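The values are calculated or read from the model by the stated rules, or taken from the named source; none is laboratory data. Values in this document were obtained by computation on a predicted structure and should not be read as measured data. Counting neighbours? That spans all protein chains shown, and the Cβs are built from the backbone with ideal geometry, glycine included. All accessible areas refer to the heavy atoms of the entire protein, side chains included, with ligands and DNA or RNA removed. Shrake-Rupley method; radii C 1.70, N 1.55, O 1.52, S 1.80 Å.
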Amino acid sequence: MKALEMIKYVHNHEFYILLIIAFNISLDITHGNDTILINEVELDPSCDNRYNDCLEWVELYNYGDKAIDISGWIVSSSHSFKIPDGNIIRPKGFYCAPKFHWLSDESAIINLYNITSIIDRVGPFNDHISDSGDSCTWSRCPDGNDSWIFIIGSKNASNNCVNITSIMSN
């Protein structure tokens with residue numbers, strides 16, 4: 001096929017080529033839920049709660065090998081946070097759900113729901129280091145594991161699994 005004929009062919013079949021490309025891209029993203037977990041929880045950030053600039057947050061982690069579309073999922077505790085459309089967690093990636101004053105500092109239980117059912121439930125957690133806020137979070141260590149410890153926060157990154165209560169006692 002000559003170059004000019006090839007250009008005409010591509011132009012005439014452009015829609016089908018784009019459709020095939022879009023279909024192949026969509027195969028790499030799943031709407032499943034078996035590899036997403038609540039991975040880290042910040043109950044009492046180190047900022048001034050009086051000025052509504054304090055974002056408490058819950059970090060989600062995808063421990064799988066496929067990207068997961070989490071659009072419309074809900075993270076809830078004493079209040080809820082709906083994850084906006086267009087949010088995808090890549091394999092071994094993180095998503096942070098931030099909101100003003102939505103988690104209790106005492107006995108917080110956090111739930112993660114997809115469109116139809118509960119995916120994960122963790123807690124109860126207490127932020128017991130100080131009443132004025134700190135940089136510590138409840139975190140799975142290592143990421144995606146069943147063990148939880150109280151550590152220096154690592155928002156949207158792998159957890160540094162050094163227990164803060166061990167550091168403070170030394």
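Quick rundown of the values:
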item: For the range 135-152, Karplus couplings with θ = phi - 60° (6.51, -1.76, 1.60), whole Hz, Gly/Pro x; result: 10, 9, 9, 8, 9, 6, 9, x, 3, x, 6, 7, 7, 10, 9, 9, 9, 5
item: Residue order for Trp57, Trp138 - accessible surface, 1.4 angstrom probe, largest first; result: Trp138, Trp57
item: Gained length - Ile118 relative to Val162, 0.36 nm times residue gap less alpha-carbon distance; result: 12.9 nm
item: Accessible-area ranking of Trp148, Trp102, largest first, probe 1.4 Å; result: Trp148, Trp102
item: Rough spin-label spacing in nm, given labels placed 7 Å along Cα→Cβ, for Phe100 and His79; result: 0.8
item: Largest to smallest accessible area among Asp65, Asp143 [probe 1.4 Å]; result: Asp65, Asp143
